[in-house]
Each structure stands twice: as C-alpha cells, then as structure tokens.
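Here the structure comes first, spelled out in structure tokens, and everything after it is commentary.
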Amino acid sequence: METLIENWIKDWFITKSPEIDLGSDQNFFEEGAVDSFGVMELITDLEEHFKITFTQEEFQDKRFTSISGLSEIIRQKID
C-alpha cells in the first residue's frame, strides 16, 4: 500500500522527470530520474515539505535510492 509520503515523492519525480516511469522500488539514480543537482533539489524539497533534516548516515543508507526506501526513512524520522 502506498503512503502519502510515497505519493508525494512519486509526484515530485513525475514533475521533474515525466519521461521516466519510475516504480517504487527502482533505483532512481540508476534509472536516470535524478542527477547530482537533482538529488540536492529533492533533499531540499523533502526537508522543507516534511520538516525534517537528513543526516550523513541516511544519505549512505541503501534505502535512500528508491521511493519506497526513502519513504521508510522519512516515516522513521517523523514517527
């Protein structure tokens, strides 16, 4: 079941990379949905929208590469 967090992230990718049909478990770096500049924009938008701050360790987390994994990290930060 998709969460509100996952839906928000999916919508972000649709807005930024409409030509890429990105699944929840696909690596958005490998799929070319985001580049180094784009990931900085994604991080900023996520932190502002969800009122969170990512740590360096979270950037290294393998879950940080997919919509579902990123959603898990954000859920943990919010709860």
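So how tilted is helix 4-16 from the main axis of the chain? Cα-based, degrees 0 to 90, rounded to 10.
Tilt relative to the chain: about 40 degrees.
Would you work out which of Ile67, Ile5, Ser36 lies farthest towards the positive end of the dipole of the chain, given +1 charges on the beta-carbon of Lys and Arg and -1 on that of Asp and Glu, about the Cα centre?
Checking the options against the dipole of the chain, the answer is Ile5.
When ligands, DNA and RNA are left out and all protein chains stay put, how many square angstrom of accessible area per residue does the chain have with a 1.4 Å probe? Each step should come with its number before you reach the end.
Numbers: 4960 Å² over 79 residues.
With all protein chains present, the chain gives 63 Å² per residue.
For the chain, with all protein chains present and a 1.4 Å probe, just round the carbon and sulfur fraction of the accessible area to a whole percent. Write down the numbers at each step before the final one.
Working: 2550 of 4960 Å².
Carbon and sulfur: 51 percent of the exposed surface of the chain.
Rg (Å, one decimal) plus Dmax (Å, integer) for the alpha carbons of the chain?
Expressed in Å, the Cα Rg and Dmax of the chain come to 11.4, 33.
Would you list which lysines come within 21 Å of Lys62, measuring only between C-alpha atoms, while excluding same-chain residues fewer than 8 positions from it?
Lys10, Lys77
Pairing the Cα long axis of helix 67-78 with the longest principal axis of the chain, what angle in degrees results, from 0 to 90 and rounded to the nearest 10?
The answer is roughly 20 degrees.
Which length gain, in nm to one decimal place, applies between Thr55 and Ser24 when the Cα-Cα distance is subtracted from 0.36 nm times their residue separation? Numbers along the way, then the final one.
Values: separation 31, 0.36 × 31 = 11.16 nm, distance 2.23 nm.
Length difference between fully extended and current span is 8.9 nm.
The values are calculated or read from the model by the stated rules, or taken from the named source; none is laboratory data. Please read these numbers as outputs of a predicted model, since none were measured by experiment. Neighbour counts are summed over all protein chains in view; Cβ atoms, including those assigned to glycine, are modelled from backbone coordinates with ideal geometry. With ligands, DNA and RNA removed, areas are computed over all heavy atoms of the protein, side chains included. Shrake-Rupley method; radii C 1.70, N 1.55, O 1.52, S 1.80 Å.
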